[in-house]
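One structure below.
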Amino acid sequence: MEHGERLKKGRMNIGFSQGNVADHLSISRQSISKWENGNSYPDLDNLVKLSEYYDVSADELLKGNQELKNKNKIKEIEIGNKFQSDTSIKDERLILLVLIFLSFLIAPVGLFISPILINRNKKTNTS
């Protein structure tokens, strides 16, 4: 989430308009709009006032919720690992299926070749 989006979310969470926040900070509503649209950034004094007004830490307004980001990264890694294991299981199943198919093809060939080999063996043994 971008800086401006976090500012807007903080304002929406307390249910105030841009005008209410602007009046509280003694600045114009357009300044609030620029911050929320990412066209400019609040100075340090206003950032501290916003964090108090929104009842969130200034760090959270600047960086976002790092713990939530970490949880999301862990979830992405878990999903990636699960996808890889599912894919490898599917690959193993495909290999086994191909081997079974080949064994069914080879077995009848053995039935046709074995009488020929036995017949040749008899001819060489008798001569």
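The values are calculated or read from the model by the stated rules, or taken from the named source; none is laboratory data. A quick note: this is a predicted structure, and the numbers were derived from the prediction, not measured. Positions of Cβ are backbone-derived with ideal geometry, glycine not excepted, and every protein chain shown enters the neighbour counts.
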Requested in this report: Determine, yes or no, whether Asn125 is over 33 Å from the mean Cα position of the chain (by Cα), surrounded by 10 or more Cβ atoms within 10 Å (Cβ to Cβ), modelled with pLDDT of 75 or more and part of a helix (DSSP H, G or I).
Outcome: no
Query raised in the report: Looking at the stretch 44-77, which of the residues that are exposed (fewer than 10 other Cβ atoms within 10 Å of the Cβ) and under 25 Å from Ser26 (Cα atoms) is modelled with the highest pLDDT?
Result: Asp45
